[in-house]
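Single-structure report; data block below.
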Amino acid sequence: MNTILSLLRPRILSAINSLRTDNEKNSWVRIFMYSVVGIVFWIGIFIIFYRVLFYFQSVQDFGNILAMKLISMLIMTFFTLLLFSNIVNCLSHLYLSQDLPLLHSLPVSSKDIFFSRWIISTFDSSWMIVAFSFPVFLSYGLIYKTGIIFYVIFLVAIILMCLISSALSGILVLLGAIILPAGRIRTILIILGVILVLFLILFLRLIRPEQLVNPDSFASVVLYLNSMQTPNSPLLPTTWITDAIKAALNGEIKSCLFNIALTGTCAFMLIFISNITAQAAYFMGFSKSQTTPQRLFAPVKYKDYNWESLLNFLTRESKAFAVKEIRTFFRDSAQWPQLFLMAALIAIYLYNFSVLPLDNSPIKTIYLQNLFSFLNIGLAAFVLTAIAARFVFPAVSMEGEAFWIVQAAPVSTKNFLWIKFFLYYIPLVILAEVLVVVSNLLLRVSPFMMALSAITIFCLVPAVVGMAIGLGAVYADFKSENPAQVVTSFGGLLFMILCFCLIALVIILEAGPVYYIFIANLRGQSFSLLQIIWSIISFIFTLFLCLLAVFYPIYLGEKKLRIR
Amino acid sequence: MIELHKLTKDYGTTIAVNKLSLNVAAGEIYGFIGPNGAGKTTTIRLMGGILAPTSGSIIIGGLDMAKKPVEGKKMIGFVPDRPFLYEKLTGMEFLRFSADLYDVKRDTFLQKAQNLLQQFALLDWADELIEAYSHGMKQRLIIASALLHDPRILIIDEPMVGLDPAAVHMVKDILKELAVNQTTIFISTHTLSIAEDLCHRIGLIHKGTLLAQGTLDELKHIAKLGEARLEEVFLTIIKENTFI
């Protein structure tokens, strides 16, 4: 046990040291911002669930069934999330971390290394689920007016669920790593996971849940509610956890304790099995993971075709960076699932516009179409921000420890940042324009709204990309083991908040003039002088904001990289 | 070719380089030695344009690196102490990337790259991703890429770390040949035998300050030692904190 504690100590001490006041990443602004975002999410979850459960209570007969069904759905979702995140975390902590060769060179058994790493992986995968499931069950507790025992049972049940999913993941990973190198398993798993999520999202979207409000569909809803009362399999730990929480909610202590006991014995038995498996298999898998990485797909070469020649219009140094960026991006298998997700996001976005029931609406269609089109500018810009946060913001950090090459090369930092800017700006502006124009075509909007949307997006894309590159350089992390995750850092959060503020400002600035122009066109009226001046000032200010968002962050990024 | 004038780098908590001044002539091999944390790598990174100095100046081939960094860097071949590269590029792709940045003539690139890869025993690995290379292979690839644009100045931090004896011998021969052809070479190293074998002059840095510099004989004189190896000279000067 002492060995395991010693192995855990570096992690604990690192966490404590990161809180030291002399740590430059530890400013009050940073802590305040993280706390505010965390609290807002926490309160948001609580309010949503409280209102939903409050509404359920008002529905006779079905209300209670729905509330109970919601618990089992939540437990199932949490368990699936925990299982997936534990597998990915176990692979990283057990086989891919940079400090593992050092640990394995120490005079400690591989079983102890496994157990200490498993504890860290369990904590990393579970703390968020435990923290953010609490407001959900707090709302259940308040609505059902339970005593303190319910919260204790809920906490024990959730912790045991985390242990079960983590132990199961550990066993799966230990066995998988004997067959395939750990790095390969992670890639395949992430791709499969994303494909699964995509299918689920597409399936849920394509069954068109909005049709449930159609009275003709009520028959199927009744059938669905009947199917809800079918009990889950008694052999699954999720059933025991659900039953324990339901029993605690209804004050049935005996049933509750029985299910908690079942869950607890299952958890400890799985931990025991995972330790025995680790004794036999961990070192074998670790050794396999140290082999030379090979490409997942062999390169395909066409003698007569060279894609690089498409970039001949660029200067030599820009082309060199462009080719390097494109190659490293597409050869990094961690990027592929993100591309799938992005494609799905766009497909669903456009699909939603194609199924809007505009003709059935009681509001006049022409108002609705143009209102949606105007809001669509903001929505498309938010989608763009999400894409930029994932792909553009980490672009500077992605240089990683090889950033010395750029610093030592005869290229100015300013040029380096502008090359990065244009590399991402071009595909994103095409994507954003396609998104806006196609959704506007689906909405059948007026030529004025079409032009306004296209021009506004054309101004917003460079602003978002400029902020992503500039702030990405200011908050660059060249030492991260996973540079793509810098978006979850303080800089990433700041980028998202600033982008949302910019988009909101642009929409607010344009709302007034657009309304005047739209009404004037509709009624054949002319504008007053005040309206003309206001409109001109609004559009000029919008343009100024966008230009400022392009140049100022890049200037800051350049300054920051230069004085390192 | 290299002039450092009162170069200082203050990291806030430590002064890594303190008012360092030195000159290196064309065709000279200058060895920079010192204990761990003496400020060798910081000096090298300042000269390569990777770090900005707190004060002082760096003149490379007559150009002030603070005013004309891009032009200055074009003259430099830089080899860092740790071989971090773009892991998802192949060796040949990395050399092409370097050639494009340093403006190596397109018509001579392929021949030159193949010769260098051959010389550094990497030709068979030219189309493999760098992530599959060993530490020594990455180090050899970095040295090859630093030589691709025929630099007038070569700045190398710990050149022999990770290299096998044959590669060490080969790199030494290449450096001597480059110096004969008037390339200025600035080497930082812990391996005193390499400094002894290769360098025309040696500078000894400790706690950011240049304690002594000169030929091996001059250093022996400063250390008041007769016939002695560089190791003894090094230990004596460090121990006594003898200033120039």
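On the basis of being closer than 17 Å to A:Phe123 by Cα, modelled with pLDDT of 80 or more, surrounded by 14 or more Cβ atoms within 10 Å (Cβ to Cβ) and of a type outside the set (Val, Ile, Thr), does A:Phe46 make the cut?
For A:Phe46, the condition - closer than 17 Å to A:Phe123 by Cα, modelled with pLDDT of 80 or more, surrounded by 14 or more Cβ atoms within 10 Å (Cβ to Cβ) and of a type outside the set (Val, Ile, Thr) - is not met.
Could you check, for the range A:405-417, whether at least one of its residues is at pLDDT below 90, outside any helix (DSSP H, G or I), hydrophobic (A, V, I, L, M, F, W, C) and in contact with a helix residue (DSSP H, G or I) (Cβ under 7 Å, 6 or more places away or on another chain)?
yes
Given (1) away from every other protein chain (no Cβ under 14 Å); (2) in a loop (DSSP other than H, G, I, E, B), where does B:Gln118 come up short, assuming only one miss?
(2)
Hey, any hits in the range B:33-40 for a residue that's within 23 Å of B:Glu177 (Cα to Cα), more than 13 Å from every other protein chain (Cβ to nearest Cβ) and modelled with pLDDT under 90? First the steps, then the outcome.
We begin by selecting, within the range B:33-40, every residue within 23 Å of B:Glu177 (Cα to Cα); these are B:33.
Narrowing the set further to residues that are more than 13 Å from every other protein chain (Cβ to nearest Cβ) leaves B:33.
Keeping just the survivors that are modelled with pLDDT under 90 gives B:33.
Checked the range B:33-40: at least one residue is within 23 Å of B:Glu177 (Cα to Cα), more than 13 Å from every other protein chain (Cβ to nearest Cβ) and modelled with pLDDT under 90.
Only one of these is of a type outside the set (Phe, Trp, Tyr), surrounded by fewer than 19 Cβ atoms within 10 Å (Cβ to Cβ), touching a residue at least 24 places away in the same chain (Cβ under 8 Å) and within 30 Å of A:Met1 (Cα to Cα): A:Lys69, A:Lys111. Name it.
A:Lys111
Condition first: farther than 23 Å from B:Leu4 by Cβ, at pLDDT 85 or above, surrounded by fewer than 20 Cβ atoms within 10 Å (Cβ to Cβ) and among the β-branched types (Val, Ile, Thr). Can you find one or more residues in the range B:84-98 that meet it?
no
For B:Ile60, all conditions in the list (1) within 11 Å of chain A (Cβ to nearest Cβ); (2) within 13 Å of B:Ile153 (Cα to Cα); (3) surrounded by 20 or more Cβ atoms within 10 Å (Cβ to Cβ) hold save one; what is the number of the exception?
(1)
Exactly one of (1) modelled with pLDDT of 75 or more; (2) within 31 Å of the chain's Cα centre (by Cα); (3) not hydrophobic (A, V, I, L, M, F, W, C) is unmet by A:Ser318. Its number?
Going through the list (1) modelled with pLDDT of 75 or more; (2) within 31 Å of the chain's Cα centre (by Cα); (3) not hydrophobic (A, V, I, L, M, F, W, C), A:Ser318 breaks only (2).
Quick grid of which residues meet (1) assigned by TED's automatic domain parsing to the domain that holds B:Ile202; (2) surrounded by fewer than 21 Cβ atoms within 10 Å (Cβ to Cβ); (3) closer than 22 Å to B:Leu85 by Cα:
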residue	(1), (2), (3)
B:Asn115	no, yes, yes
B:Phe120	no, no, yes
B:Gln139	no, no, yes
B:Gly162	yes, yes, yes
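Buried (at least 21 other Cβ atoms within 10 Å of the Cβ) and within 21 Å of B:Met160 (Cα to Cα) - does that describe any residue in the range B:7-22?
Taking every residue of the range B:7-22 in turn, none turns out to be buried (at least 21 other Cβ atoms within 10 Å of the Cβ) and within 21 Å of B:Met160 (Cα to Cα).
Filter the range B:156-207 down to the residues that are assigned to a helix (DSSP H, G or I) and charged (D, E, K, R) and list them by number.
B:Lys172, B:Asp173, B:Lys176, B:Glu177, B:Glu196, B:Asp197
Condition first: part of a helix (DSSP H, G or I), at the interface with chain A (Cβ under 8 Å from one of its Cβ atoms) and within 22 Å of B:Arg45 (Cβ to Cβ). Now tell me which residues in the range B:74-97 satisfy that. Give the steps one after another, and end with the answer.
Taking the range B:74-97 as the starting set, the residues that turn out to be part of a helix (DSSP H, G or I) are B:74, B:91-97.
From what is left, the residues that are at the interface with chain A (Cβ under 8 Å from one of its Cβ atoms) are B:74, B:93, B:96-97.
Correct list: B:Lys74, B:Phe97.
Consider the range B:6-32. How many of its residues are among the charged types (D, E, K, R), over 27 Å from B:Val180 (Cβ atoms) and away from chain A (no Cβ under 14 Å)?
Looking only at that region, the number is 2.
List the number of the failed condition for A:Phe297; all other conditions in (1) in contact with a Gly (Cβ under 8 Å, 6 or more places away or on another chain); (2) modelled with pLDDT under 80 hold.
(1)
Which residues, taken from the range A:319-344, are more than 9 Å from chain B (Cβ to nearest Cβ) and more than 21 Å from A:Val88 (Cβ to Cβ)?
A:Ala322, A:Glu325, A:Ile326, A:Ala343
In the range B:44-53, what count of residues is obtained for those that are in a loop (DSSP other than H, G, I, E, B) and more than 10 Å from every other protein chain (Cβ to nearest Cβ)?
Looking only at that region, the number is 1.
Name every residue in the range B:54-73 that is part of a strand (DSSP E or B) and either touching a residue at least 24 places away in the same chain (Cβ under 8 Å) or not assigned by TED's automatic domain parsing to the domain that holds B:Ser21 (or both), in order of residue number.
B:Ser55, B:Gly56, B:Ser57, B:Ile58, B:Ile59, B:Ile60
Given the structure, is A:Ile159 closer than 30 Å to A:Arg9 by Cα, assigned by TED's automatic domain parsing to the domain that holds A:Asp243 and touching a Lys or Arg at 6+ places or on another chain (Cβ under 7 Å)? Write out each step before concluding.
Numbers: closer than 30 Å to A:Arg9 by Cα: yes; assigned by TED's automatic domain parsing to the domain that holds A:Asp243: yes; touching a Lys or Arg at 6+ places or on another chain (Cβ under 7 Å): no.
For A:Ile159, the condition - closer than 30 Å to A:Arg9 by Cα, assigned by TED's automatic domain parsing to the domain that holds A:Asp243 and touching a Lys or Arg at 6+ places or on another chain (Cβ under 7 Å) - is not met.
Kindly indicate whether A:Phe421 is at pLDDT 90 or above, away from chain B (no Cβ under 14 Å) and touching a helix residue (DSSP H, G or I) at 6+ places or on another chain (Cβ under 7 Å).
So A:Phe421 passes the test.
From A:Tyr302, A:Tyr282, which residue is outside any loop (DSSP other than H, G, I, E, B) and either surrounded by 11 or more Cβ atoms within 10 Å (Cβ to Cβ) or modelled with pLDDT under 80 (or both)? Spell out the reasoning first.
Working: A:Tyr302 fails: outside any loop (DSSP other than H, G, I, E, B).
Checking each option against the conditions leaves just A:Tyr282.
In the range B:233-240, is there at least one residue being assigned to a loop (DSSP other than H, G, I, E, B), assigned by TED's automatic domain parsing to the domain that holds B:Gly27 and loosely packed, with under 15 Cβ neighbours inside 10 Å?
The answer is no; no qualifying residue exists.
Scan the range B:99-113 for residues that are more than 7 Å from every other protein chain (Cβ to nearest Cβ), crowded, with 22+ Cβ neighbours inside 10 Å and either assigned to a loop (DSSP other than H, G, I, E, B) or under 20 Å from the mean Cα position of the chain (by Cα) (or both) and jot them down.
Listed by number, the list holds a single entry, B:Ala99.
The values are calculated or read from the model by the stated rules, or taken from the named source; none is laboratory data. Since the structure is predicted, the reported quantities are computational estimates derived from the model, not experimental observations. Note that each Cβ is placed from the backbone with ideal geometry, even for glycine, and that neighbours are counted across all protein chains shown.
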